Amino acid sequence: MVLVAMQAADQLAKEGIKIDVVDLRTIRPMDVDAITTSVKKTNRAVVLEEGWEICGIGAQIVDYIQRDCFDHLDAPVIRVHQADTPMPYAKALERAAKPDLPKTIAAVKKVMYIEA
Amino acid sequence: MATKVFMEALSPTMEEGRLVKWLKNEGDAVKNGDVLAEVETDKAVMELAARGAGVLRKRLVNDGEAVPVGTLVGVIGAKDEDIAALIAGSRKPEASAAPEAGSRKPDAAAPVASPAPAPATSPASAPPALAPPSSVSPSSVAVPASALPASGRALSSPLAKKLASESGLDLAAISGSGPGGRVIKRDIEAALATGSASGFRLPASGLGASGLGASGAVGDFEDVPLTLIRKTIARRLAESIGPIPTFYLTAEFDLERASEMRAAMAAMGDDYKVSFNDIILKATATALAQHPEVNAHWLGDHIRRHHRVHLGMAVATDDGLIVPVIFDADKKRMSEIAVESKVLAKKARERKLTPAEYTGSTFSVSNLGMMQIEQFTAIINPPECGILAIGAIEDKPVVAEDGSTQVRKRLRVTMSCDHRAVDGAVGARFLQTLRRMIENPLMLVY
């Protein structure tokens, strides 16, 4: 997913939107400081993960953000994740179910209050 | 069909009303036009009438509570009607209810008229299988603007709220560009950049709010909460002394003849008794009819000279000052003025004046003579351009024309003039006319 994030950053940079990409690398210990430092700088966050929405690591990350950065948020935190369904076997459906570049870019624009 | 009961604007300047007392209980049958409650406006205690028939199902405001105009205060409906949805949106003044209460039709208050302020259905409540195919969480960004309450609490992001409080901006005064009118960081920045934030206010210091909450006597002092009328007086008078360039003209009138006239009339019987105040009111009204340049309103971009003289007379009440109006005072006989001023003063003290009785004055008179004030200056009641301050009538030694010293009844009046409309000489000429009237009261019948 870091790859998708970097592609999104490159593409949005062309539109004048600068993005911090925080690559967590580990979830235990989780580098919460890196997350909150970035959110306090940008006042918004998109959490991108290859996994289901419910009980996902992303949910935990959003929890840290709302707790530590409440007064710094200018938009709701948006998550980009895998569709809420068992992973399909058909390649095309699998691709559609997974988080990808267009979904990530749409989410970033949403937290930037930019009409897609 | 249930009918919402709103706090209505019962006077032209009313912004909030205190529900003094409910006259109907929950469950009481009401007809259209029935008086539901007594409401204290900024000027008087008025009646809040039902605009629908049925049963008073719910009272949402307690006796003694003050709420802004447009607030839902109750619901009238059929006995078994479900009114939960109506009540859910209470406590949010609805913009549409504010201005003209009189012309509002009962249907306008029907429940469907306002957007249901209930929050848009939360995604969480939908079964997982129905989740949109997109894997982007349908978080609150997707809430359509129309689903959010149009007024009430200012929607804002936490960051915007913090920035606003740091820079002393009033969030409510900023229009939000986010979904549903949410105020976000860029709106605050824009407001700061253009200085368009009309809502500059002092950052909330704990003192103001907590001080009020703990109202009551604490030994050395007593905190008195502001009544609505007191708030209005403060606002109106500050408005006056600030932008109005006022100057003052003082003159001393001889009241010997007026006093003789009054004594002669009183000798004819109680029916003919008039007070000095009545003579002064009559003389002022007559003089104003001859000086329309003083009988005027300053309206910002123009001056309106009135051809009719509607004389306001300041009356002290227990709650403060109110200025009932004697309409067409110049055309009324002194006896009519005497009766009317008495009735108005009595109504003012009992707070029974209707808005029609205290609005529309073209010039005002304030009399503190009965309090032994020799002379004072009154504050102009905008948009009027002048006010006459009447002092006490006193016996004073005066050097007469033949050089002898006599003790005569004298009266000091001070006229406050709005210099934007009334120049010194104009005001002085008016006082000359007034002097002629008061010193030669027979002029009043001329």
Under the condition of being within 8 Å of chain B (Cβ to nearest Cβ) and assigned to a helix (DSSP H, G or I), which residue from the range A:97-110 is surrounded by the most Cβ atoms within 10 Å (Cβ to Cβ)?
A:Ala107
Which one of B:Thr354, B:Thr359, B:Thr317 is under 23 Å from the mean Cα position of the chain (by Cα), closer than 26 Å to B:Phe430 by Cα and modelled with pLDDT under 90?
B:Thr359
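Taking the stated definitions as given, is B:Ala356 within 28 Å of B:Lys409 (Cβ to Cβ) and not in a strand (DSSP E or B)? It would help to see each step written out before you state the result.
Values: within 28 Å of B:Lys409 (Cβ to Cβ): no; not in a strand (DSSP E or B): yes.
Judged against the criteria, B:Ala356 is not a match.
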Any residue in the range B:273-294 that is in the same structural domain as B:Phe430 (by TED's automatic domain parsing) and among the small types (Gly, Ala, Ser) sitting within a Cβ distance under 7 Å of a residue that is modelled with pLDDT of 90 or more and not in a helix (DSSP H, G or I)? List the pairs, counting only those 6 or more apart or interchain.
B:Ala285/B:Val309; B:Ala285/B:Leu311; B:Ala289/B:Val309
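So, in the range B:324-333, exactly how many residues are surrounded by fewer than 18 Cβ atoms within 10 Å (Cβ to Cβ) and in a helix (DSSP H, G or I)? Spell out the reasoning first.
Here is the first cut: in the range B:324-333, the ones surrounded by fewer than 18 Cβ atoms within 10 Å (Cβ to Cβ) are B:327-328, B:331, B:333.
When the remaining residues are screened for being in a helix (DSSP H, G or I), the result is B:331.
Residues that pass the stated criteria total 1.
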Condition first: part of a loop (DSSP other than H, G, I, E, B), at pLDDT below 85 and surrounded by fewer than 23 Cβ atoms within 10 Å (Cβ to Cβ). Now tell me which residues in the range B:12-25 satisfy that.
B:Pro12, B:Thr13, B:Glu15
Looking for something surrounded by 14 or more Cβ atoms within 10 Å (Cβ to Cβ) and in contact with an Asp or Glu (Cβ under 9 Å, 6 or more places away or on another chain) - is there at least one such residue anywhere in the range A:69-78?
no
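Out of curiosity, is B:Ala348 free of Cβ contacts under 8 Å to residues at least 40 places away in the same chain and touching a Ser or Thr at 6+ places or on another chain (Cβ under 9 Å)? Walk me through how you get there before you give the answer.
Working: free of Cβ contacts under 8 Å to residues at least 40 places away in the same chain: yes; touching a Ser or Thr at 6+ places or on another chain (Cβ under 9 Å): yes.
Answer is yes for this residue.
Only one of A:Ala90, A:Ala5, A:Ala45 is modelled with pLDDT of 95 or more, more than 9 Å from chain B (Cβ to nearest Cβ), under 16 Å from the mean Cα position of the chain (by Cα) and farther than 20 Å from B:Lys185 by Cβ; which? Lay out the reasoning, then the answer.
Details: A:Ala90 fails: under 16 Å from the mean Cα position of the chain (by Cα); A:Ala45 fails: farther than 20 Å from B:Lys185 by Cβ.
Answer to the check: A:Ala5.
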Are any residues in the range B:51-76 more than 30 Å from B:Leu321 (Cβ to Cβ), at pLDDT 85 or above and not in a strand (DSSP E or B), and if so, which ones?
B:Leu60
Considering only residues of the range B:404-446 that are in contact with a Lys or Arg (Cβ under 7 Å, 6 or more places away or on another chain) and not hydrophobic (A, V, I, L, M, F, W, C), which is farthest from B:Ile279 (Cα to Cα)?
B:Arg408
Show the residue pairs that are 6+ apart or on different chains and have beta-carbon atoms under 7 Å apart, the first residue being within the range A:63-74 and within 9 Å of chain B (Cβ to nearest Cβ) and on the phi < 0 side of the Ramachandran plot, the second being of a type outside the set (Val, Ile, Thr) and outside any helix (DSSP H, G or I).
A:His72/A:Asn43; A:Leu73/A:Asn43; A:Leu73/A:Arg44; A:Leu73/B:Ser157; A:Asp74/A:Asn43; A:Asp74/A:Arg44; A:Asp74/B:Ser157
Consider B:Leu388 against the criteria (1) under 30 Å from B:His302 (Cβ atoms); (2) in a helix (DSSP H, G or I): it satisfies all of them except one. Which criterion is unmet?
(2)
What are the residues in the range B:306-323 that are crowded, with 17+ Cβ neighbours inside 10 Å and acidic (Asp, Glu), if any?
B:Asp319
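Consider B:Val399 carefully, then state whether it is in the same structural domain as B:Val309 (by TED's automatic domain parsing), in contact with a Ser or Thr (Cβ under 8 Å, 6 or more places away or on another chain) and without any contact (Cβ under 8 Å) to a residue 12 or more places away in the chain. Don't jump to the end; show me each part of the working.
Values: in the same structural domain as B:Val309 (by TED's automatic domain parsing): yes; in contact with a Ser or Thr (Cβ under 8 Å, 6 or more places away or on another chain): yes; without any contact (Cβ under 8 Å) to a residue 12 or more places away in the chain: yes.
So B:Val399 passes the test.
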Restricting the range A:51-62 to residues that are within 12 Å of chain B (Cβ to nearest Cβ) and of a type in the set (A, V, I, L, M, F, W, C), which is surrounded by the most Cβ atoms within 10 Å (Cβ to Cβ)?
A:Val62
If we ask which residues in the range B:419-438 are over 29 Å from the mean Cα position of the chain (by Cα) and in a loop (DSSP other than H, G, I, E, B), their number turns out to be 0
Near pairs, Cβ below 8 angstrom, 6+ apart or cross-chain, from the range B:413-442 (in the same structural domain as B:Thr246 (by TED's automatic domain parsing) and hydroxyl-bearing (Ser, Thr, Tyr)) to any residue that is modelled with pLDDT under 90 and surrounded by fewer than 16 Cβ atoms within 10 Å (Cβ to Cβ)
B:Ser416/B:Phe247
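One line per residue, one yes/no per condition, for (1) touching a residue at least 40 places away in the same chain (Cβ under 8 Å); (2) of a type outside the set (Val, Ile, Thr); (3) loosely packed, with under 13 Cβ neighbours inside 10 Å; (4) on the phi > 0 side of the Ramachandran plot:
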residue: A:Lys14; (1), (2), (3), (4): no, yes, yes, no
residue: A:Thr37; (1), (2), (3), (4): no, no, no, no
residue: A:Asn43; (1), (2), (3), (4): no, yes, no, yes
residue: A:Glu49; (1), (2), (3), (4): yes, yes, no, no
residue: A:His81; (1), (2), (3), (4): no, yes, no, no
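The values are calculated or read from the model by the stated rules, or taken from the named source; none is laboratory data. The structure presented is a predicted model; accordingly, all values stated were derived computationally and were not measured. Cβ: placed from backbone, ideal geometry, glycine included. Neighbour counts: every protein chain shown.
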